């Protein structure tokens with residue numbers, strides 16, 4: 001099993017003046033500890049469940065670029081970009097830039113977006129959910145076309161919501177054929193269909209319904225003529241190892257449970273991450289313990 005780190009909260013001791021140095025230490029430690037990937041939310045305000053909107057929140061791609069310069073091996077992505085937040089051509093260019101400057105370590109994490117208050121608060125158009133999914137699919141098509149194109153042979157794109165006269169992308173991504181695409185969410189009719197059609201990975205919540213969600217994904221893969229095994233199955237997780245590692249066993253058991261549900265990669269937050277020691281504990285005791293853990297195919301109940 002692979003382990004990824006997500007950083008959903010930047011409200012740490014010392015406030016904004018020390019935020020950069022704290023994030024730098026977190027990124028370096030996670031990279032050295034063996035986390036396979038590092039993710040940040042693509043939000044502009046803090047979200048419910050993590051804290052009030054007024055809490056500190058960094059813009060995702062700027063934070064990833066900052067961490068790219070401090071790390072050498074961990075993959076980098078957003079968990080996940082709201083499709084309505086950026087014009088697709090600009091998004092493709094942004095992820096390409098991250099990929100080039102990180103030496104080929106970028107992910108495109110993306111979803112249909114859900115935070116209406118944040119969007120309207122900052123003047124971002126927030127159409128109905130059906131249109132957001134239409135825009136998500138057009139965004140995926142545009143990104144793939146821009147990554148496919150060679151300089152001088154770019155095709156125009158004419159969609160319902162987006163029109164590109166020339167989908168030029170230079171320099172091209174280092175990751176070929178393109179930076180891997182992760183689609184977040186478990187919606188059975190739309191989201192998992194888009195995973196089957198376009199994505200390299202899905203991201204789901206850790207719940208007993210996981211085998212059912214994966215079976216739905218398998219059916220969509222059959223309908224799309226896609227090899228189900230090509231898609232990496234990831235799930236959110238909480239790596240609470242305790243202040244002194246006293247909960248390591250619980251974390252390992254939780255990861256075994258996820259693997260038993262068919263999950264290959266756990267991507268999660270770490271309580272008290274700014275103290276750094278929990279990251280070191282995970283690198284020393286958790287990541288080696290689950291490295292050989294293989295997912296199990298479970299029949300949906």
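The values are calculated or read from the model by the stated rules, or taken from the named source; none is laboratory data. Predicted, not measured: the structure shown is a model, and the values here were computed from it. Glycine gets a Cβ as well: all are built from the backbone with ideal geometry, and neighbour counts include every protein chain shown.
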For segment 138-170 the number of residues that are touching a helix residue (DSSP H, G or I) at 6+ places or on another chain (Cβ under 6 Å) and either exposed (fewer than 12 other Cβ atoms within 10 Å of the Cβ) or not in a loop (DSSP other than H, G, I, E, B) (or both) is 7
Within segment 272-286, take every residue that is surrounded by fewer than 18 Cβ atoms within 10 Å (Cβ to Cβ) and in contact with a helix residue (DSSP H, G or I) (Cβ under 7 Å, 6 or more places away or on another chain) and give me the one that is farthest from residue 8 (Cα to Cα).
285
Looking at residue 14 and the list (1) part of a loop (DSSP other than H, G, I, E, B); (2) within 27 Å of residue 114 (Cα to Cα); (3) in contact with a helix residue (DSSP H, G or I) (Cβ under 9 Å, 6 or more places away or on another chain), which single condition is not satisfied?
(2)
Could you list, in sequence order, the residues of segment 180-238 that are assigned to a strand (DSSP E or B) and surrounded by fewer than 16 Cβ atoms within 10 Å (Cβ to Cβ)?
238
Determine the pairs where a residue that is at positive phi, located within segment 251-265, has a partner that is at pLDDT 95 or above with Cβ atoms under 6 Å apart, the partner being 6 or more residues away or on another chain.
262/214; 262/233
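Taking the stated definitions as given, is residue 119 in contact with a strand residue (DSSP E or B) (Cβ under 8 Å, 6 or more places away or on another chain) and surrounded by fewer than 22 Cβ atoms within 10 Å (Cβ to Cβ)?
Judged against the criteria, residue 119 is a match.
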If we scan segment 49-69, do we find a residue that is in contact (Cβ under 8 Å) with a residue 60 or more places away in the chain and crowded, with 21+ Cβ neighbours inside 10 Å?
no
Test for residue 106: is it crowded, with 16+ Cβ neighbours inside 10 Å, touching a residue at least 40 places away in the same chain (Cβ under 8 Å) and in contact with a helix residue (DSSP H, G or I) (Cβ under 7 Å, 6 or more places away or on another chain):
yes
